[in-house]
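First the structure, in the form of structure tokens, and then the observations on it.
The values are calculated or read from the model by the stated rules, or taken from the named source; none is laboratory data. Being a predicted model, the structure only gives us computed values, none of them experimental. We place every Cβ from the backbone using ideal geometry, glycine too, and count neighbours over all the protein chains shown.
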Amino acid sequence: MNNNAIGVFDSGLGGLTAVKQLLQVLPEEDIIYFGDTGRVPYGNRSNDTIKKYALQDARFLLEHKVKMVIAACGTVSSVAGDLKEKIGVPYTGVVNPTVYTAVRTTKNNRVGVIGTSATIASHSYKRRLQEENPDIQVFEQDCPLFVPLVENAFIERTDPLVILTVERYLNKLKECGVDTLIMGCTHYPILREAIQYVMGSEVTLIDSGMETAYYTKKVLKREGLLTGSTEQGSCSFFVSDTPDGFEKVASVFLGRQIADNSIKQIDIEEY
Ligand code: DGL
């Protein structure tokens, strides 16, 4: 048993897709979230920069004595796999939990993967999917404008700007006949309605944040690290830029009002 918090980080709002599920599957756990909003997006930066940022983000969480670190970021999970060896507590990214579910979901063995440019260039999802099942054909597409859309609160399916952008990236994938689409960046489930609308209802969307939350429960159970508390856990949010925009989208997305004083700005360069 361990009553310390679970640490979750992302470049911005995307990791909230994991937090939303953690609140469902592990309601008694405390969560500390760091969104690197001052340096978002990560997905078009070099691998060295992404690795450096990821280590700083994890160090910040470790300073809060977290019992597990979740890189709720497809980009970090794809290019900074060595983080696991550097932090000394259980760690997960989002790629493996997501791949396990996609492999079980596809019926026609045609799987689409969307992610940031760095994630798609790494072929992390494709490689892991084909290791699990070599018969799976993988169709990849980077969608670099999705993260800025989400970070700037353009998230409604009824917004023509959102639909046009989603169509621009996904029309080709749709023609490939995939029956399963991995949203390989944790920001993308915030655009879920628009993505589902463009892909059609017959395509199953896999939410990397959600799958990672389920996987986290398994890890904590296996390691004997679940909390002993029976009360609802607390959630603290930290960002590296002004909390204003974060608070707005976070409240809508998590479906709960986030108290002003529970979001704090920190200087991530100190870590
Ligand atoms: N949520 C991050 C991911 O899953 C976004 C990365 C970025 O900031 O570009 O890849």
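Just the residues that are in contact with an Asp or Glu (Cβ under 8 Å, 6 or more places away or on another chain), at pLDDT 80 or above and not hydrophobic (A, V, I, L, M, F, W, C), please, taken from the range 244-271.
Glu247, Gln265, Tyr271
Could you tell me which residue of the range 74-91 is surrounded by the most Cβ atoms within 10 Å (Cβ to Cβ), considering only residues that are within 16 Å of the ligand (Cβ to nearest atom), farther than 12 Å from Phe9 by Cβ and of a type outside the set (A, V, I, L, M)?
Looking at the filtered set, the residue picked out is Gly74.
So is Asn108 surrounded by fewer than 23 Cβ atoms within 10 Å (Cβ to Cβ), modelled with pLDDT under 95 and either in contact with an Asp or Glu (Cβ under 8 Å, 6 or more places away or on another chain) or in a loop (DSSP other than H, G, I, E, B) (or both) or not?
In short, no.
Let's see how each residue does on (1) free of Cβ contacts under 8 Å to residues at least 12 places away in the same chain; (2) surrounded by fewer than 19 Cβ atoms within 10 Å (Cβ to Cβ); (3) in contact with a Gly (Cβ under 8 Å, 6 or more places away or on another chain):
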| position | (1), (2), (3) |
| --- | --- |
| Val94 | no, no, yes |
| Thr98 | no, no, yes |
| Gly112 | no, no, no |
| Gly115 | no, no, yes |
| Ser122 | no, no, no |
| Tyr125 | no, no, yes |
| Asn133 | no, yes, no |
